Amino acid sequence: MAGKVFFSVTMSLDGFIAPESVPVDDFFAPGKQADPDVQRWQAQWTELQQWLFPLRFIRQNLKLGEGGEEGRDNDIARETFERTGASVMGKRMFDLGEHAWPEEAPFHTPVFVVTHTKRDPWERPGGTTFHFVNDGIEHALDQAREAAGDRDVRIAGGGATILEHLNAGLVDEFSIALSPVLLGAGTRLFDGVDASRVALKPVRSEPSPRVTHLTYAVHPR
C-alpha cells in the first residue's frame, strides 16, 4: 500500500516558515556573506530552527558530533526521517542546499527536484540521489511515490512548492513545529492557499519546552 504525502515545517508564531527572501546568489558570491540582508536572513532562520540543533538525531544526521538531547522533540525529528521514503523539493531550496548541505546530504533517500533545468541525477554519499524533473509536480510526485514504496513522501519545501501541492489536493497530512518566534516578514506558509478546496482535521497537538507540534489531516472541502 502506498504511503502518505506530507510536509513537516517549522513556523513562526506569526505564520512564516522562512525569513524575507534574499537572492540565492547573494549567499554564495564572494564578499556577500557580510551583506546585512544575508546576515539578517541567516540569523532569523537560525532562530526559527533553533529547537532542532541540540537534538541527538539531528546532530548525528548532520555529522555535528556525538551527544545531544533526547526527548519528544528528538523522537519527532527521528520519526519524520524514518517515515520518509522519498522527498520532493523546489529548485530554490535545492540551490540553497546544494551549497549548504554536507557532502553526505541529510536525506539518505531519493529526492525529486521540480525544476525547468535539465540535469543528470546527482548522487551523493549516504544514499541521497537528486533527480531533476522538468514536467511538473504531478510527475515528480509520481516518481517519488514509486521510489518510496510503502513509506511516505515528504514535500520538503520551499513554501511555494508546498503550497502548490496543497492547492492541487496532493497532500494527505502535515505537521507544524510552532516556534515562539516573530519574524514580521518572510515566506508565509498559507499565503495563497485555496481555502475553498482545503479542509483540515486535527490529528495531534504536543507541546515541548521549545515548540508546539501540530499535526493535521487534509481533506477536500
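The values are calculated or read from the model by the stated rules, or taken from the named source; none is laboratory data. Small disclaimer: the values here were computed from a predicted structure and weren't measured. Because the Cβ atoms are built from the backbone with ideal geometry, glycine has one as well, and the counts that use them run over all protein chains shown. Surface accessibility is based on the protein's heavy atoms, side chains included, excluding ligands, DNA and RNA. Shrake-Rupley method; radii C 1.70, N 1.55, O 1.52, S 1.80 Å.
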request  = Would you mind stating whether Leu64 is in a loop (DSSP other than H, G, I, E, B), open to solvent by 70 Å² or more (accessible area, probe 1.4 Å) and aliphatic (A, V, I, L, M)?
outcome  = yes
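Here is a yes/no grid of residues against (1) part of a strand (DSSP E or B); (2) open to solvent by 70 Å² or more (accessible area, probe 1.4 Å); (3) closer than 22 Å to Gly186 by Cα; (4) in contact with a Lys or Arg (Cβ under 7 Å, 6 or more places away or on another chain):
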site	(1), (2), (3), (4)
Asp14	no, no, yes, no
Glu20	no, yes, yes, no
Glu47	no, yes, yes, no
Leu52	no, no, yes, no
Ala77	no, no, no, no
ask   = Looking only at helices (runs of 4 or more DSSP H) that fall completely inside the range 90-193, which ones have 3 or more residues that are open to solvent by 10 Å² or more (accessible area, probe 1.4 Å) and more than 22 Å from Phe16 (Cβ to Cβ)?
value = 137-148
note = Apart from one, (1) free of Cβ contacts under 8 Å to residues at least 24 places away in the same chain; (2) of a type in the set (Ser, Thr, Tyr); (3) surrounded by 13 or more Cβ atoms within 10 Å (Cβ to Cβ) all hold for Ser87; the odd one out is (1)
note = Counting only residues that are over 16 Å from Arg72 (Cβ atoms) and under 20 Å from the mean Cα position of the chain (by Cα), the range 168-197 contains a total of 20
